[in-house]
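Student: What follows is a single structure, and I will ask about it in a moment.
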Amino acid sequence: MTIKEVSIDQILPIRQQVMWPDKSIDFVRVPEDENGIHFGLFVEENLISVVSVFIHGQEAQFRKFATLEQFQGKGYGSRLLEYIFDFLEGKKVTRIWCNARTSKAGFYQKFGMVETEVIFQKEGMAYVEMERYC
Ligand SMILES: CC(C)(COP(=O)(O)OP(=O)(O)OC[C@H]1O[C@@H](n2cnc3c(N)ncnc32)[C@H](O)[C@@H]1OP(=O)(O)O)[C@@H](O)C(=O)NCCC(=O)NCCS
């Protein structure tokens, strides 16, 4: 297993397949992608889990966290998340946050993230903003 920085073009197919399988690759792009740092977890040279990180001053948001379905529930996503938290703490970031699918809030709580009062719906999906202070 290896975790490393990858290009946005490597990320997009997994993002689309896992998060929005009924939409196009262009749908899963976000304008900020050009300024993001994209990380991928490889198993035997195959990219299976991805996440993108956006640093704004002392705050960092992570977005579009996805593991290929057949590899979910095996601990890979947790390894990738731990890796980016270490990376961000090394960058002297003081607050890490994300807009979590509400169904995934329990997962992020295991990493010390807490739900804020910001909740919203987008594209028929319920979200809650979660944060962790470093
Ligand atoms: C969210 C997501 C990225 C997590 O990736 P993952 O690789 O499945 O993550 P993990 O395997 O580390 O953890 C998933 C679950 O498996 C459990 N698990 C099973 N075996 C495990 C093991 N050996 N080691 C660690 N965790 C294990 C974890 O506890 C976790 O349980 P929980 O969901 O009840 O909290 C993945 O489920 C996904 O891509 N979902 C669809 C897209 C999505 O919802 N993205 C997030 C938007 S906020």
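Student: Tell me, what is the per residue accessible area of the chain in Å², probe radius 1.4 Å? Present the calculation step by step, with values, prior to reporting the outcome.
Tutor: Details: 7690 Å² over 134 residues.
Per residue, the chain has 57 Å² of solvent-accessible surface.
Student: For the stretch 2-97, what does the relative contact order come out to in percent, with C-alpha contacts under 8 Å and a separation of six or more?
Tutor: 27
Student: Based on the Cβ-Cβ distance of residue 10 and residue 95, what FRET efficiency does E = 1/(1 + (r/R0)^6) give at R0 = 22 Å, to the nearest 0.05?
Tutor: The pair residue 10/residue 95 has a calculated efficiency of 0.20.
Student: Hey, which of these cross-link pairs are over 29 Å Cα-Cα: 23/91; 64/91; 23/92; 92/122? Don't skip to the answer; put the middle values down first.
Tutor: Details: 23/91 34 Å; 64/91 21 Å; 23/92 36 Å; 92/122 31 Å.
In this structure, 23/91; 23/92; 92/122 lie more than 29 Å apart at Cα.
Student: Multiply the residue separation of residue 58 and residue 44 by 0.36 nm, subtract the distance between their alpha-carbon atoms, and state the gained length in nm to one decimal.
Tutor: Gain on extension, residue 58 to residue 44, equals 1.6 nm.
Student: Once fully extended, how much extra length lies between residue 122 and residue 69, figured as 0.36 nm per residue of separation less the alpha-carbon to alpha-carbon distance?
Tutor: Numbers: separation 53, 0.36 × 53 = 19.08 nm, distance 2.23 nm.
So the extension gain works out to 16.8 nm.
Student: How much of the accessible area of the chain, in percent, comes from carbon and sulfur atoms when a 1.4 Å probe is used?
Tutor: 46
Student: Where the only charges are on Cβ atoms (+1 Lys, Arg; -1 Asp, Glu), what is the dipole of the stretch 2-97 about its Cα centre, to the nearest 20 debye? Can you show the working numbers first?
Tutor: Details: 11 positive and 14 negative charges, 50 e Å.
Taking the Cα centre of the stretch 2-97 as origin, the dipole is about 240 debye.
Student: Which percent of Cα-Cα pairs in the chain sits in each 5 Å bin, short to long?
Tutor: Computed distribution, short to long bins: 2, 10, 20, 24, 23, 16, 5, 0, 0.
Student: At 0.36 nm per residue, minus the direct Cα-Cα distance, what do residue 79 and residue 109 gain on full extension? Give it in nm, one decimal, please.
Tutor: On the way: separation 30, 0.36 × 30 = 10.80 nm, distance 1.48 nm.
Between residue 79 and residue 109, full extension yields 9.3 nm more.
Student: Quick check for me: using +1 on Lys/Arg Cβ and -1 on Asp/Glu Cβ, what's the dipole size of the stretch 62-134 about its Cα centre, in debye to the nearest 20? Each step should come with its number before you reach the end.
Tutor: Details: 12 positive and 9 negative charges, 39 e Å.
The calculation lands at about 180 debye.
The values are calculated or read from the model by the stated rules, or taken from the named source; none is laboratory data. From a predicted model like this one, the values you see are computed outputs, not experimental measurements. Every residue, glycine among them, receives a Cβ derived from its backbone with ideal geometry; neighbour counts consider all protein chains shown. With ligands, DNA and RNA removed, areas are computed over all heavy atoms of the protein, side chains included. Shrake-Rupley method; radii C 1.70, N 1.55, O 1.52, S 1.80 Å.
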